[in-house]
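Inspection log for the structure reproduced underneath, given as C-alpha cells.
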Amino acid sequence: MRRVSFARAFLEALGATEVRFGNIADDFVQGEVLFDPSDPKERQEFRWRITEEEVPGEDALQLLRLLRDEKLLSIDKLRVSRDELRERFQRASGRKISDSGFSNIVESVERIEIPMLDDGQERGDSFFIHE
C-alpha cells in the first residue's frame, strides 16, 4: 500500500522514531507517530486523507528517504539549499535530473500536509515540510 509507505517515510523524515497505523480506509490512513517511545507525551495521532491514486510518485518517496537518511530537516525545514539537495538526490538515485524536474519533485513533497488529531478530531495543525 503506497499510502502507508509514503506516510511512514514522510513522518520519519520529520523525526518520527515509529509510525503505527490503525485505521486504513479507501480515502485515508490514520495512526500514531512516536518521537520518543519512552515518553508518552511525545506521541501524536494523525489522519491523512488521500487515496492510492493521489499519492506522489516514486521520486518523491526517494526524496523523503534521502531527507530521513541524511537528516536534512531541522524540525520541518530543509537544512540545505535546493541545489545541494538536487545534487544529493542525483548521487543517491544515480541519474541526472533537470532543475524543473527536481522542482516538481520537491514541490510534490511540500504540498503534503498530514493533519494532526487531538481526541480523534482534526484541530488545524499538521505535519509538513518546507524550505
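We did not get these values from a lab; they are worked out from the coordinates using the rules stated. Owing to the predicted nature of the structure, the values given are computational and were not obtained by experimental measurement. Every residue, glycine as well, gets a Cβ built from its backbone with ideal geometry; the counts of neighbours run over all protein chains shown.
Relative to the Cα centre, what is the charge dipole magnitude of region 37-76, using +1 at the beta carbon of each Lys and Arg, -1 at the beta carbon of each Asp and Glu, and rounding to the nearest 20 debye?
260
7 Å from Cα along Cα→Cβ at both Phe128 and Val4: what's the point-to-point distance in nm?
Modelled inter-label distance: 2.8 nm.
Using the Karplus equation 6.51 cos²θ - 1.76 cosθ + 1.60 (θ = phi - 60°), what ³J(HN,Hα) coupling, rounded to whole Hz, does each residue of region 91-105 give in order, writing x for Gly and Pro?
For region 91-105, the Karplus curve yields 4, 5, 8, x, 8, 7, 9, 5, 4, 5, x, 5, 4, 4, 5 Hz.
Pick out, from Val80, Pro40, Pro56, the residue whose Cα sits farthest towards the positive end of the charge dipole of region 2-127, with +1 on the Cβ of Lys and Arg and -1 on the Cβ of Asp and Glu.
Val80
Just to check, using Stokes-Einstein with a Kirkwood Rh over alpha carbon pairs, what's the diffusion coefficient of region 2-127 at 10 °C and 1.306 mPa s in µm²/s?
104
Go through region 23-30 residue by residue and turn each phi into a ³J(HN,Hα) via Karplus (6.51, -1.76, 1.60, θ = phi - 60°); whole Hz please, and just put x for glycine and proline.
8, 10, 10, 4, 10, 6, 10, 9
Which angle between 0 and 90 degrees, to the nearest 10, do you get for helix 58-69 versus the longest principal axis of the chain when only C-alpha atoms count?
With both axes taken from Cα atoms, the answer is about 80 degrees.
Exactly which trypsin sites (Lys or Arg not before Pro) in region 55-101 are in a DSSP loop and have at most 11 other Cβ atoms within 10 Å?
When the trypsin sites (Lys or Arg not before Pro) of region 55-101 are filtered for loop state and at most 11 Cβ neighbours within 10 Å, Lys71, Arg95, Lys96 remain.
In a Gaussian network model over the chain where Cα atoms closer than 10 Å are linked, find which of Leu85, Leu63, Leu14 has the largest mean-square fluctuation.
In this elastic network of the chain, the residue with the biggest mean-square fluctuation among Leu85, Leu63, Leu14 is Leu85.
Of Ala16, Gly101, Leu117, whose Cα points farthest to the positive end of the dipole of the chain (charges on the beta-carbon: +1 Lys, Arg; -1 Asp, Glu; origin at the Cα centre)?
Working it through, the farthest residue towards the positive pole turns out to be Gly101.
Dipole of region 2-127, Cα-centred, from +1 at each Lys and Arg C-beta and -1 at each Asp and Glu C-beta, to the nearest 20 debye?
Here region 2-127 has a charge dipole of around 520 debye.
Please work out how much length the chain gains when fully extended from Lys77 to Glu107, using 0.36 nm per residue of separation minus the C-alpha to C-alpha distance, in nm with one decimal.
So the chain would gain 9.5 nm between Lys77 and Glu107.
Pick out which of Gln62, Gln44, Gln121 has the largest mean-square fluctuation in a Gaussian network model of the chain, springs linking Cα atoms closer than 10 Å.
Gln121
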